[in-house]
1. Taking LYS167, is it modelled with pLDDT of 95 or more, loosely packed, with under 15 Cβ neighbours inside 10 Å and of a type in the set (Lys, Arg)?
2. Please determine, by comparing only the residues of the range 64-80 that are more than 19 Å from ALA216 (Cβ to Cβ) and of a type in the set (A, V, I, L, M), which one is surrounded by the fewest Cβ atoms within 10 Å (Cβ to Cβ).
3. In the set ALA40, ALA31, which member is in contact with a Pro (Cβ under 8 Å, 6 or more places away or on another chain) and under 25 Å from LEU205 (Cα atoms)?
4. Of the conditions (1) within 19 Å of THR117 (Cα to Cα); (2) within 13 Å of the ligand (Cβ to nearest atom); (3) crowded, with 17+ Cβ neighbours inside 10 Å, ALA5 satisfies every one except a single condition; which number is it?
5. So, in the range 180-212, of the ones that are within 9 Å of the ligand (Cβ to nearest atom) and without any contact (Cβ under 8 Å) to a residue 60 or more places away in the chain, which residue ends up surrounded by the fewest Cβ atoms within 10 Å (Cβ to Cβ)?
6. Which of the residues spanning the range 9-61 are among the basic types (Lys, Arg), near the ligand (Cβ under 9 Å from one of its atoms) and in contact with a Ser or Thr (Cβ under 9 Å, 6 or more places away or on another chain)?
7. Quick check on this structure: which one of GLU70, GLU64 is free of Cβ contacts under 8 Å to residues at least 12 places away in the same chain and more than 17 Å from LEU107 (Cβ to Cβ)?
8. Does GLN138 satisfy the condition of being within 12 Å of the ligand (Cβ to nearest atom) and modelled with pLDDT of 95 or more?
Amino acid sequence: MARVAIVTGGTRGIGEGICLKLQEMGLTVVANFGGNEQKAQAFTAATNIPAYKWDVGDHQACLEGCARVEAEIGPIDVLVNNAGITRDGTLHKMSFDDWSEVIRINLGGCFNMAKATFPGMRERGWGRIINIGSVNGQAGQYGQVNYAAAKSGIHGFTKALAQEGAKFGVTVNAIAPGYVDTDMVAAVPQPVLEKIIANIPVGRLGEASDIARGVAFLASEDANFITGSTMSINGGQHMY
Ligand code: NAD
């Protein structure tokens, strides 16, 4: 039977690219999403991938949502923690709400989803958890103390959980994308974006598929000796 993968924030942007790639690999794929129902319906109609709505920052919703997916589709073998938001602003302008929402969703979401799926993977002796961090979690970024802290936290979370999963056949890795052409980056003002692209050695933004191929590799049997690592996919923007 095909393994089951869940991708949080899987109905658009990088998450959509990951869903399509994992489906192409022969996995049974499920997408979770946070808000845009219309986009999620169009995604399911186009891909035949079911989309389940819940907030990954809500612990109970993750437990209940994953239990529903497991009852309706099957045990979750692969978790891709991709859902994320930005609430940018320099520290002196950033509200506590902007700080805590980003930590709650971007970092708390990884904990909540792992709590819902890791015990089953551990019991069955096989699992893959792939967390989407960011170049800005590695290098820091002006106006993003909340986002950089959450993404940097994802990298520590990955290394700690990798140690817990190793003897149970569960690998835990992260991908740190550079700037990828999605709605999130469309929010960056054009002059800022031009400066960013000028600093990417390969001379372009990433595509969702560039990130998805990295996820597919880490989810595959070929990657079974790789755990606790961070794969940077950033066109050479930051070499770590
Ligand atoms: P996007 O804004 O296009 O999509 C984000 C997805 O997350 C959406 O599907 C949305 O429904 C989902 N989401 C948001 N809040 C949620 C919540 N509370 N519960 C469940 N789902 C929620 O973003 P993207 O550019 O595709 O980014 C995907 C991931 O990659 C994010 O974690 C982001 O931080 C990371 N990333 C993106 C870039 C980039 O340049 N686009 C770079 C580095 C890292």
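1. Yes: the conditions hold for LYS167.
2. Looking at residues that are more than 19 Å from ALA216 (Cβ to Cβ) and of a type in the set (A, V, I, L, M), I get ALA71.
3. Details: ALA40 fails: in contact with a Pro (Cβ under 8 Å, 6 or more places away or on another chain).
After applying the criteria, what remains is ALA31.
4. With (1) within 19 Å of THR117 (Cα to Cα); (2) within 13 Å of the ligand (Cβ to nearest atom); (3) crowded, with 17+ Cβ neighbours inside 10 Å applied to ALA5, the lone miss is (2).
5. Residues of the range 180-212 that are within 9 Å of the ligand (Cβ to nearest atom), as a first pass: 180-188, 205-206, 208, 211.
With the extra rule that they be without any contact (Cβ under 8 Å) to a residue 60 or more places away in the chain, the set shrinks to 181, 185-186, 188, 205-206.
Numbers: ASP181: 16, VAL185: 15, ALA186: 10, VAL188: 15, LEU205: 17, GLY206: 23.
Here the residue is ALA186.
6. Kept after step one, since they are among the basic types (Lys, Arg), are these residues of the range 9-61: 12, 21, 39, 53.
With near the ligand (Cβ under 9 Å from one of its atoms) added as a condition, the list becomes 12, 39, 53.
Of everything in the range 9-61, those that are among the basic types (Lys, Arg), near the ligand (Cβ under 9 Å from one of its atoms) and in contact with a Ser or Thr (Cβ under 9 Å, 6 or more places away or on another chain) turn out to be ARG12, LYS39.
7. On the way: GLU70 fails: free of Cβ contacts under 8 Å to residues at least 12 places away in the same chain.
Only one candidate passes the filter, namely GLU64.
8. Working: within 12 Å of the ligand (Cβ to nearest atom): yes; modelled with pLDDT of 95 or more: yes.
Yes; evaluated as a whole, the condition is true for this residue.
The values are calculated or read from the model by the stated rules, or taken from the named source; none is laboratory data. Model, not experiment: these values are computed from the prediction. Backbone-built Cβ (ideal geometry, glycine too); neighbour counts: all protein chains shown.
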